[in-house]
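The values are calculated or read from the model by the stated rules, or taken from the named source; none is laboratory data. Values in this document were obtained by computation on a predicted structure and should not be read as measured data. When we count neighbours, we look across all protein chains shown, and the Cβ atoms used for this are built from the backbone with ideal geometry, even at glycine.
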Amino acid sequence: MKTGAKTLIEALQREGVDTIFGYPGGVVLPIYDELYDSSIRHILVRHEQAAAHAADGYARASGRVGVCLATSGPGACNLVTGIATAYMDSIPVVALTGQVPTGLLGNDAFQESDITGITMPVTKHNYLVKDAADLDRVVQEAFYIARTGRPGPVLIDLPKDVSTGQVLEGTPVPGTVSLRGYQPTYQGHVRQIDKALDLIAGAERPLVYAGGGVVLSEASAELLEFVETAAVPVTTTLMGLGAVPGDHPLNLGMLGMHGTQSANYAVTECDLLIAVGVRFDDRVTGKIETFAPNAAVIHIDIDPAEIGKNKKVDVPIVGDVKAVLQALLRRMQKRGDTANWVARTGAWKAQYPLRYRDDDRLRPQYVVEQLSDLLKGEGIVVSEVGQNQMWTALYYCFRKPRTWITSGGLGTMGYGFPAAIGAHYARPDMPVVDVAGDGSFQMNIQELGTVAQYQIPVKVVILNNMYLGMVRQWQELFYDRRYSYTELPPVDFVKIANAYRIEGITVEEKAGVREALETALATDGPFVLDFRVEREENVFPMVPAGAAINEMIGVRQP
Amino acid sequence: MKPHTVSVLVENRAGVLSRVAGMFSRRGFNIESLAVGPCEEPNMSRITIVVNGDDGVIEQVMKQTNKLIDVIKVSDLTERESVERELALIKVAAETGPSRAEILQIADIFRAQVVDVGSKTLVLQVTGDTEKIDALEKLLRQYGIKELVRTGKIALLRGAKTVKSSK
Ligand SMILES: Cc1ncc(C[n+]2csc(CCOP(=O)(O)OP(=O)(O)O)c2C)c(N)n1
């Protein structure tokens, strides 16, 4: 006989789990005791929210399933923001939570919370295990569900008596997972693919709109080949950055609320929109009626529910993005005559580059540009949420998938720092930088303790404007500069870092940027850079809420 | 906007109904009625949901429901030949005298059964489609309905066709 906890650890090992991010508590002690001499590495975070974000960052950087562990009640509840973040961006995470013994379930026992009920809306699926004998099957199913189809988080709730329960040694593990209610479609329908090819062959102004689905399905190479073979310009969403090299001549950059002029004009004027692994999010489309108003739409997605959800589609193709792109490439005989269109979009790109006032003031865009110049795409860049996120998206040149990690769907402040920790364990060979706002960084600043304890070489680049900058920007533009509760008093972040025995530098002048970044990147351990940037700098271009995406402010008008 | 009858075959597990119902409320789908119970297969249940919405909404209802891991099959029975039934129990005020006789007559016309007789009330049981039960309810209202309960609609395809697994 062996305990449920031992069974659990063995099941995790079978799934190839090497790292768990977690925080202990009473009802998970049997699991922690098993971890004590297991080969699985456990990283003790300082807040369970960070455990969930770290598991998510691990998953995004590696393409594998990230795992977090928390105790029941408050521990489990603290995971929720992280689970919801992963859910909105379709990230494969398995969250393990302790639960009170089955006999006390529903009794409002000490540290009981109905975590399966609480997380139902933000998980792809979840389990309450009531019998230790089910553990092998449940763990196997959970990992399978998390990583297949449209990926997403799965939660397993483990009552204490299940962890301490006895399982017969040598109980056979089910071979393959078979769930009659879950059969994702991977291959696109041939007839739809041919219809799409007809549209592509006839289009004069086609545009690829690519998103996070391309990254999730590891389809970057296929997408690039498609774009080049069919001679179609491409724009990516925030989540799709890095899916196509940022400096590729056909890449128009990001579209949407803070998209480039060339991308947003191209969407408005295209006659065929090829949407690949995207979901027509409102931050992308602006006013939906005026999004790609003259275009036929091809939509490729593994989740049938995304097709037609926000925008009417002419050719729906349900399938894995990689498999569908391969099929399109295999069957493509003729491409459209796009030379004029490629020249036109290229001209927009040249005419309307991203720009900011590059004077001798310390501006956040400059910091990001310098970082981009130093890393040359050979690092993982994580962001927080707000202006820092948009400046990084716009001014850093992402060249490869899985090198850009950000909370796109939920927009979770405090995500970046713990996600960067996860990214480090997924890719220890890569430098990892968290570009942060002073507001966001303070949401999970306690993780300085974690990076200090394990000497995790994450570099934090704070674009410190002493404001909740993005909210202040909206107040400036749409609320008559009434800065209601968005000013943050100065914080000496380097002193805080030092208190955790972490090094740091405060930079107040443009001249010091490059050297400070070089110093941080050359340091072995963690490092905190506090850039005191221009306080009222704004992110432009910007599409005001409710406007069409070609109605940008802060730009040179065509 | 018209009511659609959607038949959902699900795994018979704890919490499945709340997964389905929770998804409906979260996404703002308008449930008119919902009936659930065991079906021909031992490990499955069948949920019949009447939901209101235009074509776009119904398409989302079908797709989002289908996405749930415990959902085995979803079918919209609206445009297909199907048998639909509801059951209602109606407790109606029936003092002895002419009104009681009238009520019994109405019950007869509607093929409703008297399942309880009290000194001042009758309980009628009626099955049929929604319109029939609505009509009976309207007629009985003049006598005073003390209590009423309806099951929500259940439905099956006519003929040999079935709503079976393998989605
Ligand atoms: C958890 C959470 N709370 C609130 C918000 C709303 N919000 C979006 S951006 C932002 C300001 C971010 O400020 P900061 O981190 O300093 O970054 P900046 O915009 O200045 O770069 C806020 C409050 C959010 N996205 N997440």
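Being in contact (Cβ under 8 Å) with a residue 24 or more places away in the chain, touching a strand residue (DSSP E or B) at 6+ places or on another chain (Cβ under 6 Å) and within 30 Å of B:ASN66 (Cβ to Cβ) is a property that does not hold for B:GLY159.
Inspect all residues belonging to the stretch A:518-541 and state whether any of them is at pLDDT 95 or above, touching a Phe, Trp or Tyr at 6+ places or on another chain (Cβ under 8 Å), farther than 28 Å from A:GLY422 by Cβ and among the small types (Gly, Ala, Ser). No, the conditions are met nowhere in the stretch A:518-541. How about the stretch A:445-463: which of its residues are within 14 Å of the ligand (Cβ to nearest atom) and either farther than 13 Å from A:ASN538 by Cα or modelled with pLDDT under 95 (or both)? Across the stretch A:445-463, the qualifying residues are A:ILE445, A:VAL460, A:VAL461, A:ILE462. Scanning the stretch A:410-444 for residues that are assigned to a loop (DSSP other than H, G, I, E, B) and either in contact (Cβ under 8 Å) with a residue 60 or more places away in the chain or away from the ligand (no atom under 11 Å from the Cβ) (or both) gives A:LEU410, A:THR412, A:GLY414, A:TYR415, A:ARG427, A:PRO428, A:ASP429, A:MET430, A:PRO431, A:ASN444.
In the stretch B:18-44, the qualifying residues are those that are within 24 Å of A:ASN126 (Cβ to Cβ) and buried (at least 17 other Cβ atoms within 10 Å of the Cβ), and the one that is nearest to the chain's Cα centre (by Cα) is B:LEU34. Does B:VAL74 satisfy the condition of being within 12 Å of chain A (Cβ to nearest Cβ), assigned to a helix (DSSP H, G or I) and of a type outside the set (Lys, Arg)? Against the criterion (within 12 Å of chain A (Cβ to nearest Cβ), assigned to a helix (DSSP H, G or I) and of a type outside the set (Lys, Arg)), B:VAL74 does not qualify. Inspect the stretch B:142-162 for any residue being assigned to a helix (DSSP H, G or I) and touching a Leu at 6+ places or on another chain (Cβ under 9 Å) and give the result as yes or no. No, the stretch B:142-162 contains no residue that is assigned to a helix (DSSP H, G or I) and touching a Leu at 6+ places or on another chain (Cβ under 9 Å). Does at least one position in the stretch A:274-281 carry a residue that is surrounded by fewer than 20 Cβ atoms within 10 Å (Cβ to Cβ) and under 18 Å from A:PRO304 (Cα atoms)? The answer is yes, given that some residue of the stretch A:274-281 is surrounded by fewer than 20 Cβ atoms within 10 Å (Cβ to Cβ) and under 18 Å from A:PRO304 (Cα atoms). Within the stretch A:197-218, one or more residues are surrounded by fewer than 24 Cβ atoms within 10 Å (Cβ to Cβ), under 22 Å from A:GLN351 (Cα atoms) and modelled with pLDDT of 95 or more. Highlighted here are the strands (runs of 3 or more DSSP E) found entirely within the stretch A:1-92 that include at least 2 residues which are farther than 17 Å from A:VAL138 by Cβ and in contact with a His (Cβ under 9 Å, 6 or more places away or on another chain): A:19-22. Of the residues that make up the stretch A:351-360, is at least one within 16 Å of the ligand (Cβ to nearest atom), away from every other protein chain (no Cβ under 14 Å), outside any helix (DSSP H, G or I) and crowded, with 16+ Cβ neighbours inside 10 Å? Yes; the residues of the stretch A:351-360 include at least one that is within 16 Å of the ligand (Cβ to nearest atom), away from every other protein chain (no Cβ under 14 Å), outside any helix (DSSP H, G or I) and crowded, with 16+ Cβ neighbours inside 10 Å.
Looking at the stretch A:272-283, can you tell me whether even one residue there is within 14 Å of chain B (Cβ to nearest Cβ) and without any contact (Cβ under 8 Å) to a residue 40 or more places away in the chain?
Yes; the residues of the stretch A:272-283 include at least one that is within 14 Å of chain B (Cβ to nearest Cβ) and without any contact (Cβ under 8 Å) to a residue 40 or more places away in the chain.
For the stretch B:17-59, the set of residues classified as of a type in the set (Ser, Thr, Tyr) and without any contact (Cβ under 8 Å) to a residue 60 or more places away in the chain consists of B:SER18, B:SER25, B:SER45, listed by residue number. Just one of the listed residues (B:ILE47, B:ILE58) is buried (at least 17 other Cβ atoms within 10 Å of the Cβ), part of a helix (DSSP H, G or I) and within 14 Å of chain A (Cβ to nearest Cβ), and it is B:ILE58. Contact annotation: residue pairs with Cβ atoms under 7 Å, 6 or more positions apart or on different chains, pairing a residue in the stretch A:169-191 that is under 19 Å from A:HIS125 (Cβ atoms) and within 14 Å of another protein chain (Cβ to nearest Cβ) with a partner that is among the hydroxyl-bearing types (Ser, Thr, Tyr) and not in a loop (DSSP other than H, G, I, E, B), are A:VAL177/A:TYR144.
Within the group B:GLY97, B:GLY144, which residue is farther than 30 Å from B:ILE72 by Cα and loosely packed, with under 12 Cβ neighbours inside 10 Å? Walk me through it before giving the result.
Working: B:GLY144 fails: loosely packed, with under 12 Cβ neighbours inside 10 Å.
Exactly one of B:GLY97, B:GLY144 is farther than 30 Å from B:ILE72 by Cα and loosely packed, with under 12 Cβ neighbours inside 10 Å, namely B:GLY97.
Do we find that A:LEU128 is farther than 20 Å from A:VAL45 by Cα and either at pLDDT below 95 or surrounded by fewer than 20 Cβ atoms within 10 Å (Cβ to Cβ) (or both) in this structure? So A:LEU128 fails the test.
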